[in-house]
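Worksheet for the structure shown next.
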Amino acid sequence: MTDRSPQRGTLASHTVLVAVALGVAQVAAYAVSVVAARALGPDGFGILAALLGILLIGSVLAMGIQAVAARRLVSLDEADRSGAARSMLRDGLVGGIAVALATLAVSPLLMWLLRLDGWASLLLAAATFVPITWAGAQYGIAQGRESYHRLAAVYAIVGLGRGIGGVVGALATGSVLGTMAGLAVGTAAGAVMGRLVVAPLARAPRERLAGFFGESAHATHALLALFVLTNVDVLLARALLDAEQAGIYGVGAVIAKVAFWLPQFVGVVAFPRFADTRRGRATVVSLIAVGGIGLVVVAATAALPGLVVAFVGGSAYTSLVPLAWLFAAIGATFALAQALLLTRLAVDDRRAVIAVWGAAATLVVVATIVMPRSVGGLAASALTAGVALALVGLVVTASELRPARTAADRPTR
(Lines give C-alpha, C1' and ligand atoms only; values in the text may rest on other atoms or scores of the structure.)
Protein backbone atom coordinates (compact mmCIF):
# COMPACT_ATOMS: atom_id res chain seq x y z
CA MET A 1 0.00 0.00 0.00
CA THR A 2 1.25 3.41 -0.90
CA ASP A 3 1.97 5.69 2.02
CA ARG A 4 -0.11 8.78 1.40
CA SER A 5 0.52 10.49 4.72
CA PRO A 6 0.90 14.27 4.84
CA GLN A 7 4.34 15.75 4.94
CA ARG A 8 5.95 15.64 8.37
CA GLY A 9 6.04 19.40 8.61
CA THR A 10 2.25 19.63 8.19
CA LEU A 11 1.15 16.76 10.46
CA ALA A 12 1.24 18.89 13.59
CA SER A 13 -0.77 21.66 11.94
CA HIS A 14 -3.37 19.15 10.73
CA THR A 15 -3.67 17.73 14.23
CA VAL A 16 -4.15 21.17 15.72
CA LEU A 17 -6.68 22.09 13.03
CA VAL A 18 -8.81 18.99 13.68
CA ALA A 19 -8.46 19.47 17.44
CA VAL A 20 -9.74 23.04 17.20
CA ALA A 21 -12.66 22.03 14.98
CA LEU A 22 -13.64 19.18 17.27
CA GLY A 23 -13.25 21.52 20.21
CA VAL A 24 -15.67 23.97 18.62
CA ALA A 25 -18.15 21.16 17.98
CA GLN A 26 -17.81 19.78 21.50
CA VAL A 27 -18.11 23.18 23.16
CA ALA A 28 -21.27 23.75 21.14
CA ALA A 29 -22.64 20.38 22.27
CA TYR A 30 -21.77 21.04 25.90
CA ALA A 31 -23.31 24.49 25.64
CA VAL A 32 -26.63 22.76 25.00
CA SER A 33 -26.25 20.74 28.20
CA VAL A 34 -25.06 23.71 30.25
CA VAL A 35 -27.89 25.97 29.09
CA ALA A 36 -30.51 23.22 29.33
CA ALA A 37 -29.41 22.25 32.87
CA ARG A 38 -30.34 25.75 33.98
CA ALA A 39 -33.36 26.27 31.74
CA LEU A 40 -35.05 22.91 32.37
CA GLY A 41 -34.13 22.18 36.00
CA PRO A 42 -33.01 18.81 37.39
CA ASP A 43 -36.15 16.86 36.44
CA GLY A 44 -36.39 18.18 32.87
CA PHE A 45 -32.66 17.92 32.34
CA GLY A 46 -32.75 14.30 33.47
CA ILE A 47 -35.16 13.57 30.61
CA LEU A 48 -33.06 15.56 28.13
CA ALA A 49 -29.88 13.78 29.25
CA ALA A 50 -31.52 10.44 28.54
CA LEU A 51 -32.63 11.63 25.08
CA LEU A 52 -29.12 12.90 24.36
CA GLY A 53 -27.86 9.49 25.39
CA ILE A 54 -30.16 7.91 22.82
CA LEU A 55 -28.82 10.31 20.18
CA LEU A 56 -25.27 9.29 21.03
CA ILE A 57 -26.07 5.59 20.90
CA GLY A 58 -27.98 5.98 17.63
CA SER A 59 -25.12 7.94 16.09
CA VAL A 60 -22.92 4.85 16.07
CA LEU A 61 -24.01 4.01 12.52
CA ALA A 62 -22.63 7.40 11.48
CA MET A 63 -19.35 6.53 13.17
CA GLY A 64 -19.34 3.06 11.63
CA ILE A 65 -19.85 4.49 8.16
CA GLN A 66 -17.16 7.08 8.86
CA ALA A 67 -14.66 4.39 9.92
CA VAL A 68 -15.30 2.13 6.94
CA ALA A 69 -15.33 5.05 4.48
CA ALA A 70 -11.99 6.29 5.78
CA ARG A 71 -10.46 2.80 5.82
CA ARG A 72 -11.61 2.05 2.26
CA LEU A 73 -10.54 5.37 0.79
CA VAL A 74 -7.05 4.99 2.27
CA SER A 75 -6.67 1.71 0.35
CA LEU A 76 -8.09 2.89 -3.00
CA ASP A 77 -6.17 4.33 -5.92
CA GLU A 78 -6.62 8.03 -6.59
CA ALA A 79 -8.71 7.41 -9.72
CA ASP A 80 -11.30 5.37 -7.81
CA ARG A 81 -11.76 7.60 -4.80
CA SER A 82 -14.17 10.23 -6.08
CA GLY A 83 -16.75 7.75 -7.39
CA ALA A 84 -16.53 5.69 -4.20
CA ALA A 85 -17.02 8.83 -2.12
CA ARG A 86 -20.15 9.71 -4.09
CA SER A 87 -21.64 6.31 -3.24
CA MET A 88 -20.68 6.71 0.41
CA LEU A 89 -22.66 9.94 0.63
CA ARG A 90 -25.76 8.21 -0.71
CA ASP A 91 -25.26 5.26 1.63
CA GLY A 92 -24.93 7.62 4.58
CA LEU A 93 -28.29 9.19 3.79
CA VAL A 94 -29.95 5.80 3.38
CA GLY A 95 -28.41 4.63 6.63
CA GLY A 96 -29.76 7.66 8.46
CA ILE A 97 -33.28 6.95 7.30
CA ALA A 98 -32.89 3.35 8.46
CA VAL A 99 -31.79 4.42 11.95
CA ALA A 100 -34.72 6.84 12.20
CA LEU A 101 -37.18 4.09 11.29
CA ALA A 102 -35.57 1.67 13.72
CA THR A 103 -35.90 4.25 16.50
CA LEU A 104 -39.58 4.64 15.74
CA ALA A 105 -40.00 0.86 15.86
CA VAL A 106 -38.62 0.64 19.41
CA SER A 107 -40.17 3.90 20.60
CA PRO A 108 -42.77 2.22 22.87
CA LEU A 109 -39.94 0.54 24.79
CA LEU A 110 -38.01 3.79 25.04
CA MET A 111 -41.12 5.63 26.22
CA TRP A 112 -41.53 3.13 29.05
CA LEU A 113 -37.85 2.96 29.96
CA LEU A 114 -37.37 6.74 30.12
CA ARG A 115 -40.79 7.43 31.63
CA LEU A 116 -41.58 10.04 28.98
CA ASP A 117 -44.93 11.83 29.02
CA GLY A 118 -45.26 12.32 25.26
CA TRP A 119 -44.03 11.06 21.90
CA ALA A 120 -42.95 14.32 20.29
CA SER A 121 -39.45 14.60 21.78
CA LEU A 122 -38.66 11.00 20.84
CA LEU A 123 -39.92 11.56 17.28
CA LEU A 124 -37.61 14.56 16.95
CA ALA A 125 -34.70 12.45 18.19
CA ALA A 126 -35.48 9.88 15.48
CA ALA A 127 -35.58 12.57 12.79
CA THR A 128 -32.20 13.92 13.92
CA PHE A 129 -30.54 10.61 13.06
CA VAL A 130 -30.91 11.31 9.33
CA PRO A 131 -28.55 14.34 9.19
CA ILE A 132 -26.28 12.82 11.87
CA THR A 133 -25.63 9.70 9.79
CA TRP A 134 -25.30 11.64 6.53
CA ALA A 135 -22.67 13.81 8.20
CA GLY A 136 -20.84 10.64 9.28
CA ALA A 137 -20.28 9.77 5.61
CA GLN A 138 -18.97 13.29 5.02
CA TYR A 139 -16.48 12.93 7.89
CA GLY A 140 -15.27 9.58 6.58
CA ILE A 141 -14.67 10.90 3.07
CA ALA A 142 -12.58 13.84 4.24
CA GLN A 143 -10.78 11.65 6.79
CA GLY A 144 -9.98 8.88 4.30
CA ARG A 145 -8.68 11.40 1.79
CA GLU A 146 -6.66 12.94 4.65
CA SER A 147 -8.17 16.27 3.64
CA TYR A 148 -8.01 17.66 7.13
CA HIS A 149 -9.03 21.21 6.23
CA ARG A 150 -12.33 19.94 4.84
CA LEU A 151 -12.73 17.49 7.72
CA ALA A 152 -12.24 20.28 10.23
CA ALA A 153 -14.72 22.49 8.40
CA VAL A 154 -17.45 19.83 8.40
CA TYR A 155 -16.90 19.01 12.08
CA ALA A 156 -17.19 22.69 13.00
CA ILE A 157 -20.18 23.44 10.78
CA VAL A 158 -22.27 20.45 11.88
CA GLY A 159 -21.31 20.93 15.53
CA LEU A 160 -22.17 24.62 15.52
CA GLY A 161 -25.47 23.98 13.77
CA ARG A 162 -26.46 21.41 16.37
CA GLY A 163 -25.25 23.51 19.29
CA ILE A 164 -26.84 26.78 18.21
CA GLY A 165 -30.11 25.03 17.46
CA GLY A 166 -30.21 23.32 20.85
CA VAL A 167 -29.30 26.43 22.81
CA VAL A 168 -31.87 28.56 21.02
CA GLY A 169 -34.51 25.90 21.53
CA ALA A 170 -33.78 25.61 25.26
CA LEU A 171 -33.72 29.36 25.87
CA ALA A 172 -36.75 30.14 23.71
CA THR A 173 -39.05 27.44 25.08
CA GLY A 174 -37.59 26.26 28.40
CA SER A 175 -38.80 22.78 27.49
CA VAL A 176 -37.38 19.41 26.46
CA LEU A 177 -39.50 19.47 23.28
CA GLY A 178 -38.19 22.87 22.20
CA THR A 179 -34.60 21.85 22.87
CA MET A 180 -34.95 18.70 20.78
CA ALA A 181 -36.60 20.66 17.95
CA GLY A 182 -33.68 23.07 17.91
CA LEU A 183 -31.20 20.20 17.84
CA ALA A 184 -32.98 18.57 14.90
CA VAL A 185 -33.18 21.72 12.78
CA GLY A 186 -29.62 22.83 13.58
CA THR A 187 -28.11 19.42 12.81
CA ALA A 188 -29.94 19.22 9.48
CA ALA A 189 -28.72 22.68 8.45
CA GLY A 190 -25.14 21.76 9.36
CA ALA A 191 -25.27 18.52 7.37
CA VAL A 192 -26.50 20.33 4.26
CA MET A 193 -23.61 22.77 4.47
CA GLY A 194 -21.17 19.93 5.18
CA ARG A 195 -22.25 18.23 1.94
CA LEU A 196 -21.18 21.33 0.04
CA VAL A 197 -17.77 21.27 1.75
CA VAL A 198 -16.97 17.69 0.65
CA ALA A 199 -18.51 18.09 -2.81
CA PRO A 200 -15.09 18.48 -4.56
CA LEU A 201 -14.08 15.06 -3.19
CA ALA A 202 -17.14 13.30 -4.65
CA ARG A 203 -17.69 14.64 -8.15
CA ALA A 204 -17.28 11.44 -10.19
CA PRO A 205 -20.23 9.16 -11.02
CA ARG A 206 -21.12 6.76 -8.24
CA GLU A 207 -19.29 3.44 -8.14
CA ARG A 208 -20.74 0.32 -6.58
CA LEU A 209 -19.15 -0.45 -3.22
CA ALA A 210 -19.33 -4.19 -2.64
CA GLY A 211 -19.75 -5.09 1.01
CA PHE A 212 -19.78 -1.50 2.26
CA PHE A 213 -22.92 -1.87 4.35
CA GLY A 214 -21.72 -5.21 5.68
CA GLU A 215 -18.42 -3.75 6.86
CA SER A 216 -20.25 -0.72 8.22
CA ALA A 217 -22.56 -3.02 10.15
CA HIS A 218 -19.62 -4.75 11.83
CA ALA A 219 -17.94 -1.44 12.68
CA THR A 220 -21.26 -0.09 13.91
CA HIS A 221 -21.76 -3.14 16.11
CA ALA A 222 -18.43 -2.50 17.84
CA LEU A 223 -19.13 1.21 18.24
CA LEU A 224 -22.66 0.49 19.41
CA ALA A 225 -21.23 -1.67 22.18
CA LEU A 226 -18.88 1.16 23.14
CA PHE A 227 -21.62 3.76 23.19
CA VAL A 228 -23.95 1.53 25.14
CA LEU A 229 -21.12 1.20 27.64
CA THR A 230 -20.50 4.96 27.79
CA ASN A 231 -24.16 5.97 27.96
CA VAL A 232 -26.01 3.18 29.72
CA ASP A 233 -25.19 4.73 33.08
CA VAL A 234 -27.33 7.78 32.22
CA LEU A 235 -30.21 5.49 31.25
CA LEU A 236 -29.71 3.48 34.44
CA ALA A 237 -29.84 6.73 36.39
CA ARG A 238 -33.39 7.29 35.14
CA ALA A 239 -34.33 3.71 36.06
CA LEU A 240 -32.53 3.31 39.41
CA LEU A 241 -32.50 6.81 40.92
CA ASP A 242 -35.23 9.30 41.74
CA ALA A 243 -35.83 12.26 39.42
CA GLU A 244 -33.60 14.69 41.32
CA GLN A 245 -30.69 12.25 41.63
CA ALA A 246 -31.03 11.34 37.94
CA GLY A 247 -30.72 15.03 37.06
CA ILE A 248 -27.63 15.34 39.27
CA TYR A 249 -26.13 12.27 37.64
CA GLY A 250 -26.90 13.80 34.23
CA VAL A 251 -24.74 16.81 35.08
CA GLY A 252 -21.97 14.48 36.25
CA ALA A 253 -22.26 12.66 32.95
CA VAL A 254 -21.57 15.96 31.16
CA ILE A 255 -18.22 16.12 33.00
CA ALA A 256 -17.52 12.54 31.91
CA LYS A 257 -18.39 13.41 28.31
CA VAL A 258 -15.94 16.32 28.34
CA ALA A 259 -13.14 14.00 29.42
CA PHE A 260 -14.29 11.36 26.93
CA TRP A 261 -14.45 13.59 23.87
CA LEU A 262 -11.57 15.94 24.60
CA PRO A 263 -8.86 13.63 23.09
CA GLN A 264 -11.07 12.55 20.17
CA PHE A 265 -8.95 14.48 17.67
CA VAL A 266 -6.06 12.07 18.31
CA GLY A 267 -7.98 9.10 16.93
CA VAL A 268 -9.42 11.11 14.05
CA VAL A 269 -6.00 12.09 12.73
CA ALA A 270 -4.37 8.75 13.52
CA PHE A 271 -7.08 6.44 12.14
CA PRO A 272 -5.82 6.33 8.53
CA ARG A 273 -2.38 5.47 9.94
CA PHE A 274 -3.83 2.62 11.99
CA ALA A 275 -4.87 1.03 8.69
CA ASP A 276 -1.51 0.90 6.89
CA THR A 277 2.22 0.54 7.48
CA ARG A 278 2.23 3.47 9.91
CA ARG A 279 0.16 1.42 12.38
CA GLY A 280 2.74 0.54 15.07
CA ARG A 281 4.08 4.02 15.74
CA ALA A 282 0.66 5.63 15.38
CA THR A 283 -0.79 3.26 17.99
CA VAL A 284 1.89 3.97 20.59
CA VAL A 285 1.83 7.73 20.09
CA SER A 286 -1.97 7.88 20.14
CA LEU A 287 -2.35 5.89 23.35
CA ILE A 288 0.25 8.01 25.11
CA ALA A 289 -1.49 11.19 23.95
CA VAL A 290 -4.99 10.05 24.96
CA GLY A 291 -3.78 8.78 28.33
CA GLY A 292 -1.87 11.98 29.02
CA ILE A 293 -4.84 14.20 28.20
CA GLY A 294 -7.03 12.09 30.45
CA LEU A 295 -4.66 12.42 33.39
CA VAL A 296 -4.58 16.20 32.99
CA VAL A 297 -8.38 16.41 32.91
CA VAL A 298 -8.79 14.25 36.02
CA ALA A 299 -6.13 16.22 37.92
CA ALA A 300 -7.68 19.56 36.97
CA THR A 301 -11.14 18.39 37.99
CA ALA A 302 -9.86 17.05 41.32
CA ALA A 303 -8.11 20.37 42.00
CA LEU A 304 -11.10 22.58 41.12
CA PRO A 305 -14.25 20.48 41.53
CA GLY A 306 -16.43 23.34 42.72
CA LEU A 307 -15.59 25.48 39.72
CA VAL A 308 -16.23 22.60 37.31
CA VAL A 309 -19.64 21.76 38.79
CA ALA A 310 -20.66 25.42 38.97
CA PHE A 311 -19.81 25.89 35.31
CA VAL A 312 -21.52 22.72 34.08
CA GLY A 313 -24.65 22.68 36.22
CA GLY A 314 -24.85 25.72 38.47
CA SER A 315 -25.70 26.10 42.15
CA ALA A 316 -28.45 23.46 42.09
CA TYR A 317 -25.85 20.67 41.79
CA THR A 318 -23.46 21.42 44.67
CA SER A 319 -23.90 17.88 46.03
CA LEU A 320 -21.95 16.70 42.98
CA VAL A 321 -18.73 18.51 43.96
CA PRO A 322 -17.11 15.62 45.92
CA LEU A 323 -17.73 13.25 43.01
CA ALA A 324 -16.63 15.50 40.13
CA TRP A 325 -13.20 13.85 39.83
CA LEU A 326 -14.86 10.43 39.61
CA PHE A 327 -16.87 11.45 36.56
CA ALA A 328 -13.73 12.89 34.95
CA ALA A 329 -11.98 9.57 35.55
CA ILE A 330 -14.88 7.72 33.93
CA GLY A 331 -14.59 9.84 30.78
CA ALA A 332 -10.80 9.56 30.62
CA THR A 333 -10.91 5.78 30.96
CA PHE A 334 -13.59 5.44 28.30
CA ALA A 335 -11.51 7.67 25.98
CA LEU A 336 -8.57 5.30 26.30
CA ALA A 337 -10.86 2.34 25.61
CA GLN A 338 -12.18 4.11 22.50
CA ALA A 339 -8.67 4.73 21.19
CA LEU A 340 -7.85 1.06 21.65
CA LEU A 341 -11.05 0.06 19.84
CA LEU A 342 -10.23 2.31 16.87
CA THR A 343 -6.91 0.52 16.41
CA ARG A 344 -8.88 -2.73 16.05
CA LEU A 345 -11.50 -1.30 13.68
CA ALA A 346 -8.78 0.01 11.38
CA VAL A 347 -7.76 -3.59 10.63
CA ASP A 348 -11.35 -4.93 10.66
CA ASP A 349 -10.80 -6.97 13.83
CA ARG A 350 -14.29 -8.21 14.65
CA ARG A 351 -13.40 -9.88 17.96
CA ALA A 352 -12.91 -6.68 19.95
CA VAL A 353 -16.65 -6.19 20.30
CA ILE A 354 -16.83 -9.14 22.69
CA ALA A 355 -14.75 -7.33 25.30
CA VAL A 356 -16.81 -4.15 24.93
CA TRP A 357 -20.11 -5.94 25.45
CA GLY A 358 -18.56 -7.71 28.42
CA ALA A 359 -17.68 -4.36 29.98
CA ALA A 360 -21.23 -3.05 29.40
CA ALA A 361 -22.69 -6.14 31.05
CA THR A 362 -20.28 -5.67 33.95
CA LEU A 363 -21.47 -2.09 34.44
CA VAL A 364 -25.14 -3.11 34.53
CA VAL A 365 -24.57 -6.02 36.92
CA VAL A 366 -22.36 -4.04 39.31
CA ALA A 367 -24.75 -1.06 39.31
CA THR A 368 -27.91 -3.09 39.91
CA ILE A 369 -26.60 -5.78 42.26
CA VAL A 370 -23.31 -4.78 43.89
CA MET A 371 -23.22 -1.00 44.37
CA PRO A 372 -25.70 1.13 46.34
CA ARG A 373 -28.33 2.86 44.24
CA SER A 374 -26.88 6.33 44.50
CA VAL A 375 -25.07 8.82 42.28
CA GLY A 376 -21.70 7.68 43.68
CA GLY A 377 -22.54 3.98 43.42
CA LEU A 378 -23.56 4.26 39.78
CA ALA A 379 -20.46 6.31 38.95
CA ALA A 380 -18.19 3.76 40.64
CA SER A 381 -19.85 1.01 38.57
CA ALA A 382 -19.09 2.89 35.34
CA LEU A 383 -15.46 3.44 36.32
CA THR A 384 -15.03 -0.25 37.18
CA ALA A 385 -16.28 -1.30 33.75
CA GLY A 386 -14.09 1.26 31.96
CA VAL A 387 -10.92 0.26 33.77
CA ALA A 388 -11.54 -3.43 33.05
CA LEU A 389 -12.03 -2.79 29.33
CA ALA A 390 -8.98 -0.53 29.03
CA LEU A 391 -6.77 -3.13 30.73
CA VAL A 392 -7.94 -5.85 28.34
CA GLY A 393 -7.29 -3.58 25.36
CA LEU A 394 -3.81 -2.67 26.56
CA VAL A 395 -2.89 -6.33 27.01
CA VAL A 396 -4.08 -7.20 23.47
CA THR A 397 -2.27 -4.21 21.97
CA ALA A 398 0.97 -5.00 23.80
CA SER A 399 0.87 -8.59 22.58
CA GLU A 400 0.41 -7.37 18.99
CA LEU A 401 3.18 -4.79 19.08
CA ARG A 402 5.77 -6.92 20.87
CA PRO A 403 6.41 -9.32 17.93
CA ALA A 404 6.75 -6.37 15.54
CA ARG A 405 9.24 -4.67 17.85
CA THR A 406 11.19 -7.90 18.31
CA ALA A 407 11.43 -8.37 14.54
CA ALA A 408 12.52 -4.77 14.07
CA ASP A 409 15.20 -5.08 16.76
CA ARG A 410 16.56 -8.41 15.53
CA PRO A 411 20.00 -7.86 13.88
CA THR A 412 20.32 -8.74 10.24
CA ARG A 413 23.03 -11.11 9.10
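The values are calculated or read from the model by the stated rules, or taken from the named source; none is laboratory data. As the structure is a computational prediction, the values presented were derived from the model and not from experiment. Ideal geometry is used to build each Cβ from the backbone, glycine not excepted, and the neighbour counts take in all protein chains shown.
For the reader, a short list of remarks on this structure follows.
- Residue pairs whose Cβ atoms lie under 6 Å apart, sitting 6 or more positions apart in sequence or on different chains, and linking a residue in the range 11-32 that is farther than 30 Å from residue 180 by Cα to a partner that is part of a helix (DSSP H, G or I), are 14/148; 15/269.
- When the test is whether a residue is assigned to a helix (DSSP H, G or I) and hydrophobic (A, V, I, L, M, F, W, C), residue 153 passes it.
- Near pairs, Cβ below 8 angstrom, 6+ apart or cross-chain, from the range 272-301 (under 13 Å from residue 394 (Cβ atoms)) to any residue that is modelled with pLDDT of 85 or more and not in a helix (DSSP H, G or I): 290/263
- The range 83-126 - residue that is assigned to a loop (DSSP other than H, G, I, E, B) and touching a residue at least 24 places away in the same chain (Cβ under 8 Å) and, of those, surrounded by the fewest Cβ atoms within 10 Å (Cβ to Cβ): 118
- For the residues 105, 127, the requirement of being in contact with a helix residue (DSSP H, G or I) (Cβ under 6 Å, 6 or more places away or on another chain) and either closer than 27 Å to residue 178 by Cβ or outside the structural domain of residue 21 (by TED's automatic domain parsing) (or both) singles out 127.
- Count of the range 324-358 residues which are without any contact (Cβ under 8 Å) to a residue 60 or more places away in the chain, in a helix (DSSP H, G or I) and within 18 Å of residue 395 (Cβ to Cβ): 6
- Flag for residue 373 being of a type outside the set (S, T, N, Q), over 26 Å from residue 30 (Cα atoms), in the same structural domain as residue 279 (by TED's automatic domain parsing) and touching a residue at least 40 places away in the same chain (Cβ under 8 Å): yes
- Helices (runs of 4 or more DSSP H) within the range 167-265 that include 3 or more residues of a type in the set (Val, Ile, Thr), assigned by TED's automatic domain parsing to the domain that holds residue 146 and touching a residue at least 40 places away in the same chain (Cβ under 8 Å): 176-198
- Scanning the range 359-378 for residues that are out of contact with any helix residue (DSSP H, G or I) (no Cβ under 8 Å at 6 or more places or on another chain) and in a helix (DSSP H, G or I) returns 361, 365, 369.
- Of the residues making up the range 326-343, at least one is farther than 21 Å from residue 231 by Cα and either surrounded by fewer than 24 Cβ atoms within 10 Å (Cβ to Cβ) or not assigned by TED's automatic domain parsing to the domain that holds residue 23 (or both).
- For the range 9-39, residues that are in contact with a helix residue (DSSP H, G or I) (Cβ under 7 Å, 6 or more places away or on another chain), over 16 Å from residue 163 (Cβ atoms) and at pLDDT 85 or above total 3.
- Residue satisfying condition, being modelled with pLDDT of 90 or more and surrounded by fewer than 24 Cβ atoms within 10 Å (Cβ to Cβ), within set 200, 205: 200
- Any hit, the range 60-68, residues being at pLDDT below 90 and either polar (S, T, N, Q) or surrounded by fewer than 22 Cβ atoms within 10 Å (Cβ to Cβ) (or both): no
- Selected residue (criterion: modelled with the highest pLDDT) from residues of the range 73-82 that are in a helix (DSSP H, G or I) and of a type outside the set (Gly, Ala, Ser): 73
- Residue in the range 299-306 that is surrounded by 19 or more Cβ atoms within 10 Å (Cβ to Cβ), assigned by TED's automatic domain parsing to the domain that holds residue 349, assigned to a helix (DSSP H, G or I) and among the hydrophobic types (A, V, I, L, M, F, W, C) present: no
- Considering (1) modelled with pLDDT of 90 or more; (2) surrounded by 22 or more Cβ atoms within 10 Å (Cβ to Cβ), the lone condition that residue 293 does not fulfil carries the number (2).
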